[in-house]
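Notes follow once the structure below has been shown.
The values are calculated or read from the model by the stated rules, or taken from the named source; none is laboratory data. Predicted model only: the values in this text are computed from it and were never measured. So basically every Cβ, Gly included, is an ideal-geometry build from the backbone, and we count neighbours across all protein chains shown.
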Amino acid sequence: MSSSEYDYESLGLVAGLEIHQQLDTETKLFCESPTEIREPEDAERTITRFLHPTKSELGELDDAALEESRVDREFEYLAYDTTCLVEEDDEPPTEVDDEALAVAMQIASLLDMQIVDQLHVMRKLVIDGSNTSGFQRTMLLGQEGEIQTSDGPVSVVDLLLEEESAQRVEERDDGVLYSLDRLGVPLVEIGTGPDIRSPQQAKEAAERIGMLLRSTGKVKRGLGTIRQDVNVSIEEGARVEIKGVQALDQIDEIVELEVQRQSELVDIAAELGEREAGVGDTQDVTAVFEDTDSGVIGGALGSGGKVTAVPLFGFDGLVGREIQPDRRLGTEFSDHAKRHGAGGIFHTDELPAYGVTEAEVDALREAVDAGPEDAVAIVAADPETADLAIEAVAERAATAIEGVPEETRDATEEGTTRYLRPLPGAARMYPETDVPPVEPDPSEIEEPELLTAKVDRYQDEFGLDSGLAEQVAYGRRMPLFEEAVEQGVDATFAASVLESTVVELRRDDVPVENLADAHFLAVFELVADDELAKEGVGDVLTVLAEQPDLSAEDAVEEAGLGGVDEGEVREVIVGVVERNSEQVAEEGMAAFSGLMGECMGQLRGKADGETISSILREEIGKRS
Amino acid sequence: MNPGDRIRVTHAGVENEGVLMPSSTADHLVLKLDGGYNIGIDRDDATVDVLETDVYDVGDEDKPDDDGVSEIEFDDDLPTVSLISTGGTIASTVDYRTGAVTAQFTAEDVLRAVPELAGRANYRGRVVANILSENMDPSIWQQLARAVHEEIEAGADGVVVMHGTDTMQYSASVLSFMLDTPVPIVFTGSQRSADRPSSDNVMNAVCAVEAAKHDCAEVLLCMHASASDEQCALHRGTRVRKNHTSRRDAFETVGNRPLATVDYADARDDGADGETADAFDFNREYAERGAVDLALADDLDPEVELVKFTPGMDPAAWDYLDDKAGVIIEGTGLGHVHTDLIPRIEALVDDGTVVAMTSQCLEGRVCDRVYDTGRDLLDAGVVEAGDTLPGTAKVKLMWALANRDDPAAAMERSLAGEITEESQPWR
């Protein structure tokens, strides 16, 4: 059945969203480092660390944290001239950043939330290395909010202000390389209630929250700065948390495909129930493959490894059953094996293949007492991995008989998901004793104008057309536009530079990402002071994008637009008029349009069109 | 209503359920919600229902759980290492009263907290104190020295002292003077508390235990050598100083490389089955295991002050030095103070106080023969403590006053490696 054919209401679809948005503050949440993202090659030094699981204040160990720590991994961190000892976990954090707190309260207010009386910074155990400390600092700031969608209201359960994790740069055999630039950037996490009933509503709710976030003008923009997690369950399924959905327009698809996965797993569980299926004991079956031609298995055995197997009684044909496009029940088993370091699994629904012969499959079945109704899964790896991985497969297979497991999954680019870790629990939280509690003052919140309101105002007040108004309001340079207009720049001009000109330059492969707000403001100022013609703005921005360290004045020189005063302009125009003196004498003012073209060709960017035209008229007038 | 109860709180139209936690302020109830978050709720106008009492045992200081290594087995093939705990960050947990971190573990808990120690040695656990190291005083130093002495007498092949980092260098120094030791005595601690996954306690403890199994029978201090979890440094107890407030590698041997480095991966892997790890790289000669007989001289004269001269100081600040048995001056440069203070020093010496000069430069030795002020100080009866670190000089003088006939002369000679005989840098 294709995913779009599901009847979500009768399946009992329940979905919720968790939206993570980086804030665009001057400094990080718990130190004075800037929130600037760097290139790994700019790193100045590296440090290496190990992490060890610790118990919560209630004396419990968290399942998710424990699973992450089973593998002894070494983490390496890249440090920059924009990071400090706090990110390196070598200095205590500062108090909560005021600006981040103000923006988060603004967001809470836009979401109609109640702000918590006293914020307690917590440590959420995360020992995959993405936090040097082994925990993420996070605080619950808002509760009980609500947003509207066309299918009814969606409750907003909580708003958390927390620190962003370190960026993963490279996965290694025995660990991970992380970059410290992103660690500590303020992040808000917004969780909706389980009120969403259709994939479309999920998307609409995410869009609405995104619009509210951007209305503050204080959120980061661009890839990776906003991430959506989606929690999905159907009535007979289980709560599954899907991490890391980067594109808004993927949300409906993710929900559709998760519904498909859970429905298929429910069907498979029913079928396994009927077959009275079971999972047998794991065994060493290395002997079966001693002379194998399979590259994968032979390779593992050649380097001292072994082959382990688990008989899956009553599973024949179901391990290979597709539950999402290109993903089978066997893929789920394989994900668990991979978490424990194996490259993957083979199972009898797909064998003989990959160099494994029919005779070997028969011998394998015989070795583990599997009949024709049964399936067998195998792992080939070093002895420790092979044992751990096959146990994980057996565990996951046993769960398949029950139905859908509760877990955290990772979104793939195709909209499908793969197993990440068990759902995290409350046991991973304990108080951050280095940061005192904060008592926020909700009376200080300034509620920003919504982007929807801005679109209307830009049209009414500035006379922008609706398309440009929307482009500017939703664009990432909205705060810059407002600042420029505030400083007296003509709104239509500012809007067309910030949207049209920048888009054109990007199309011409100009590195516009290098242009900072200060570049634009300086260029606007030169135009206002008549030191640069509007027509030259594109050229000057091009120079600045290529050489961001230049001043705007130097960029004007560099673009060849500098130092032209009216006398020089007149000189050029007189030259043009004199070269065409016959035509001027004959046609008088009728020669204007032809000569104007020639003048503009020589003076583009050095003087604006109006000046040129008035001087040209004057000079023609003198001669006719 | 008590901490640990499950309660429902309604305040400003928001209803929250969770476990009541101890609160550090009177105005707020602190609630742990089911998701694990704590929030503070204004007590005023809050309606509270207790749903269930004693759901959790929170804030209970001594609650060992039985799932860990509680029985420590003795294996005749393994060396025996005594773990002596004095408190500090290496064995600390959250204090609910202040919300800050305090020391609460026994030495046995350390084994539970650092399972990586298992199998490396037989352990004897002992708690001498349970204090933050800023609360150390000479009487605890004496208790500590006696405990170490008893452990070695009882057959320990090495001793690891777990200590808060703030004053670890003082304790290590004082034990260097009090004990002649045939086995290693290794101080260690952590700069990141043990309740966080990134704590440096695991690596420091593993390297310290391996050092305690090693052949270098001195009083040592074992802490991170860099910001990375790669190597620990072994410092001589009398030459080490905490030179950073927060970094893992805060401790440095002043004016020289550390005595040795310990490679963590090698220490962890090589020593895991009780073997002596091949993980050490020594930069200098050291006293070998068994070279001296165990001896304890634990008398101290606590009447010693360490004073710092700074420009513009009120000379009255030194009035309280009357009747002190000893004074260590942390002078400027080669060992100077304002000329006007010299008569004051002369009066102290005349009254029988031993006054020794060290330098706030920390690196390099004092030399009061170069300038007039120095010569005047020598004439006033000041003794030069060479390149002895000021803190080390203080505990040394406490010890020398109680154990040596001529304590002033003792300050000019190296008793436990505290004075570098020859200024050869970075050997």
Scan of the stretch B:20-46 for residues that are modelled with pLDDT of 90 or more and of a type in the set (Val, Ile, Thr), ordered by number: B:Val30, B:Ile39, B:Ile41
Those residues of the stretch B:30-56 that are at the interface with chain A (Cβ under 9 Å from one of its Cβ atoms), closer than 16 Å to B:Met1 by Cβ and under 39 Å from the mean Cα position of the chain (by Cα) come to a total of 4
Strands (runs of 3 or more DSSP E) enclosed by the stretch B:230-287 - at least 3 residues per element that are farther than 18 Å from B:Ala212 by Cα and aromatic (Phe, Trp, Tyr): none
Given the structure, is A:Ala108 in contact with a strand residue (DSSP E or B) (Cβ under 7 Å, 6 or more places away or on another chain), within 14 Å of another protein chain (Cβ to nearest Cβ) and small (Gly, Ala, Ser)? yes
Examine the stretch A:455-473 for a residue that is surrounded by 14 or more Cβ atoms within 10 Å (Cβ to Cβ), in contact (Cβ under 8 Å) with a residue 60 or more places away in the chain and within 30 Å of A:Leu141 (Cβ to Cβ), and state whether such a residue exists. no
Failed item in (1) within 34 Å of the chain's Cα centre (by Cα); (2) surrounded by 18 or more Cβ atoms within 10 Å (Cβ to Cβ), with B:Gly364 passing the rest: (2)
Only one of A:Gly175, A:Gly191, A:Gly184, A:Gly152 is within 18 Å of the chain's Cα centre (by Cα) and surrounded by fewer than 23 Cβ atoms within 10 Å (Cβ to Cβ). Can you tell me which? A:Gly191
Return the pair list, or none, for Cβ contacts closer than 6 Å from residues in the stretch A:133-155 that are within 11 Å of chain B (Cβ to nearest Cβ) to residues that are polar (S, T, N, Q) and assigned to a loop (DSSP other than H, G, I, E, B), at least 6 apart or on different chains. A:Ser133/B:Ser198; A:Gly134/B:Ser198
Failed item, numbered, when A:Val584 is tested on (1) touching a residue at least 40 places away in the same chain (Cβ under 8 Å); (2) under 29 Å from A:Ala516 (Cβ atoms): (2)
A careful count of residues in the stretch B:91-115 that are surrounded by fewer than 17 Cβ atoms within 10 Å (Cβ to Cβ) and either more than 24 Å from A:Pro92 (Cβ to Cβ) or modelled with pLDDT of 80 or more (or both) gives 1
For the stretch A:398-442, name all the residues that are away from chain B (no Cβ under 14 Å), among the small types (Gly, Ala, Ser) and not in a loop (DSSP other than H, G, I, E, B). A:Ala398, A:Ala400, A:Ala411
Out of everything in the stretch A:76-90 that is hydrophobic (A, V, I, L, M, F, W, C) and over 14 Å from A:Thr46 (Cβ atoms), what residue ends up being farthest from the other protein chains (Cβ to nearest Cβ)? A:Cys84
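To keep it simple, each residue is scored yes or no on (1) within 13 Å of chain A (Cβ to nearest Cβ); (2) modelled with pLDDT of 95 or more; (3) surrounded by fewer than 19 Cβ atoms within 10 Å (Cβ to Cβ); (4) touching a helix residue (DSSP H, G or I) at 6+ places or on another chain (Cβ under 6 Å).
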site: B:His214; (1), (2), (3), (4): no, yes, no, no
site: B:Leu221; (1), (2), (3), (4): no, yes, no, yes
site: B:Ser228; (1), (2), (3), (4): yes, yes, no, no
site: B:His244; (1), (2), (3), (4): yes, yes, yes, no
site: B:Arg248; (1), (2), (3), (4): yes, yes, no, no
site: B:Gly255; (1), (2), (3), (4): no, no, yes, no
Scanning the stretch B:177-207 for residues that are away from every other protein chain (no Cβ under 14 Å) and touching a Phe, Trp or Tyr at 6+ places or on another chain (Cβ under 6 Å) gives B:Phe177
How many residues are among the hydrophobic types (A, V, I, L, M, F, W, C), under 23 Å from the mean Cα position of the chain (by Cα) and not in a loop (DSSP other than H, G, I, E, B) if we restrict to the stretch A:503-522? 2
Enumeration of residues in the stretch A:6-21 that are touching a Leu at 6+ places or on another chain (Cβ under 8 Å) and surrounded by 22 or more Cβ atoms within 10 Å (Cβ to Cβ): A:Ile19, A:Gln21
So which of B:Ala277, B:Ala287, B:Ala227 ends up being under 23 Å from the mean Cα position of the chain (by Cα) and within 20 Å of B:Val161 (Cβ to Cβ)? B:Ala287
If you go through the stretch B:156-165 one residue at a time, do you hit one that is at pLDDT below 80, crowded, with 18+ Cβ neighbours inside 10 Å and closer than 29 Å to B:Glu303 by Cβ? no
Residues in the stretch B:270-282: is at least one of a type outside the set (Lys, Arg), surrounded by fewer than 20 Cβ atoms within 10 Å (Cβ to Cβ), over 21 Å from B:Val183 (Cα atoms) and in contact with a strand residue (DSSP E or B) (Cβ under 9 Å, 6 or more places away or on another chain)? no
Can you name the condition, by its number, that B:Ser423 falls short on among (1) buried (at least 23 other Cβ atoms within 10 Å of the Cβ); (2) within 24 Å of B:Leu221 (Cα to Cα); (3) not basic (Lys, Arg)? (1)
Single residue of A:Asp158, A:Asp181, A:Asp174 found to be of a type in the set (Asp, Glu) and free of Cβ contacts under 8 Å to residues at least 60 places away in the same chain: A:Asp158
